[in-house]
1. Any chance you could give the angle, 0 to 90 degrees and rounded to 10, that helix 279-292 forms with the longest Cα principal axis of the chain?
2. Go ahead and set up a Gaussian network model of the chain, Cα springs under 10 Å, then flag whichever of Thr322, Thr78, Thr174 fluctuates most.
3. Please give the contour-minus-distance gain from Glu247 to Arg321: 0.36 nm per residue of separation, less the Cα-Cα distance, rounded to one decimal in nm.
4. Using a 10 angstrom cutoff on alpha carbons, build the Gaussian network for the chain and name the most mobile of Ala126, Ala294, Ala302.
5. Please calculate how many Å² of accessible area the chain carries per residue, with a 1.4 Å probe and no DNA, RNA or ligand atoms counted.
6. Pairing the Cα long axis of helix 376-392 with the longest principal axis of the chain, what angle in degrees results, from 0 to 90 and rounded to the nearest 10?
7. Using 0.36 nm per residue of separation minus the Cα-Cα distance, give me the extension gain between Leu213 and Arg198 in nm, one decimal.
8. At 10 °C and 1.306 mPa s, grab the translational diffusion coefficient of segment 271-420 from Stokes-Einstein with a Kirkwood Rh over Cα pairs, rounded to a whole number in µm² per second.
Amino acid sequence: MAVPSASAESSASCGASAVPDLSTSVPDLSTSTETVVPAQLARGSGSAPVDVRARITELRLSAFAGHRRVVFPLGAVTLFAGSSGAGKSTALGAYEALARLGGGAWLAEVFPDPVACVPERARPDAEGRRGFRIGCTADGAEGPVRLDVAVQAEPELRIVGERLTARGVVLLETALRDPGRRTVQAAWHTAGSAPVTRAPLPDDRLGTALLPLRVAGKTDGQRHVLAAAEQMVVALRSVFACDPRPEYMRAPVPTGTGRLMPGCDNLADVLWRTRFECGRRHSALVEALRAGCAGPVTDLVAEPLTDGTVRALLDRGDGFRTELARLGDGELRYVALALVLLTGPGVLDVDTPGEVPDALRSLTVLADGFDRALDPVQRRSLLGMAARMGERGHIRCVGAVSDASWAAGTEGVTVVHLNA
């Protein structure tokens with residue numbers, strides 16, 4: 001089903017010079033309009049208090065793989081729904097890429113196959129350049145802060161333009177002036193004796209992530225730049241991309257850091273730690289497993305073995321324990337996702353901004369194939385769990401499902417319908 005255009009967002013305030021057009025098929029930000037994809041949103045009654053936690057509330061794909069000129073709203077719990085090929089995984093991949101760039105990762109690490117991100121029908125310009133454009137909005141104490149990035153994929157990978165804006169002010173603007181240099185010319189807001197400060201920045205790192213190291217913070221304008229950049233970076237760094245792999249979760253694992261990996265293959269090691277460190281959350285996890293696992297469940301335990309590894313077992317309450325290795329794929333994915341939603345950044349292998357108090361953080365879990373291998377009871381239970389955690393503000397969730405009809409009416413869930 002085609003998705004109607006609910007509204008169009010003008011980008012006239014974003015001048016064309018900073019983010020050059022990479023091809024005739026990639027729109028210029030100064031003239032393009034973006035389709036806001038309609039979302040079905042369920043909310044509780046009453047006005048919610050102002051949330052100052054840094055969080056991503058909007059994903060913009062101006063030209064990225066199969067997406068063109070679209071804006072996706074992101075709530076506390078968001079499900080991208082659509083048939084195969086509609087671009088659900090692509091949208092989550094763009095979000096994860098922005099998160100890694102915000103954490104300071106090198107461009108080549110984030111995009112090992114950048115040509116795959118270029119729209120298929122994008123034509124090269126006179127210099128043979130093609131690329132893609134992505135962006136997002138981070139909300140928080142500074143209000144909405146927008147980040148837009150233009151990446152050149154051919155003939156060589158580099159960031160050729162970046163723009164950070166807040167409160168109608170362009171706080172950072174970069175542009176590729178000399179293709180022979182591996183730098184971009186950057187200008188950031190100063191509002192002092194000089195309106196802007198200009199300096200070169202590398203073309204293989206996100207400039208916004210580098211601003212806290214370059215801006216002195218002596219003027220009100222500089223402090224505005226720092227606050228907006230830090231809000232964006234904190235929101236982007238607080239992301240955990242999770243895709244539980246049942247085939248790796250069945251075997252005993254060596255004891256390690258006790259931080260859950262994205263594939264959840266070290267689940268037993270994490271349970272060995274969390275069962276004793278946080279009894280309340282562990283009790284909530286066990287309660288959740290009663291709804292998602294076959295048979296009685298009184299506890300979830302980790303047992304050390306003589307070879308230095310540890311395995312996980314379900315305690316059935318009658319003196320009998322079932323190894324997780326015997327559980328089905330759906331049960332294992334349910335156990336892993338429940339653990340992710342009920343723990344948080346201290347347990348997950350995520351680069352959390354340690355300089356930000358816990359009360360001001362909001363971790364976002366990215367779960368491609370959120371309902372993969374789950375039965376109706378399991379997926380409803382997990383979605384309700386995600387909604388409850390999202391209501392508290394500390395854990396947000398963005399997932400992808402083929403059909404979201406089963407999620408209709410769930411309090412606090414945003415459903416974004418994509419068409420193939």
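1. 80 degrees
2. With Cα springs under 10 Å in the chain, the top fluctuation among Thr322, Thr78, Thr174 is at Thr322.
3. Using 0.36 nm per residue and subtracting the Cα-Cα distance, I get 24.6 nm.
4. Ala126
5. That works out to 43 Å² per residue.
6. 60 degrees
7. Stretched fully, the Leu213-Arg198 segment lengthens by 4.0 nm.
8. Stokes-Einstein gives a translational diffusion coefficient of 95 µm²/s.
The values are calculated or read from the model by the stated rules, or taken from the named source; none is laboratory data. All values derive from a computational prediction rather than experimental measurement. In this analysis, Cβ positions are derived from the backbone assuming ideal geometry, glycine residues included, and neighbour counts consider all displayed protein chains. When the accessible area is computed, the model is the full protein with side chains, heavy atoms only, and any ligands, DNA or RNA have been set aside. Shrake-Rupley method; radii C 1.70, N 1.55, O 1.52, S 1.80 Å.
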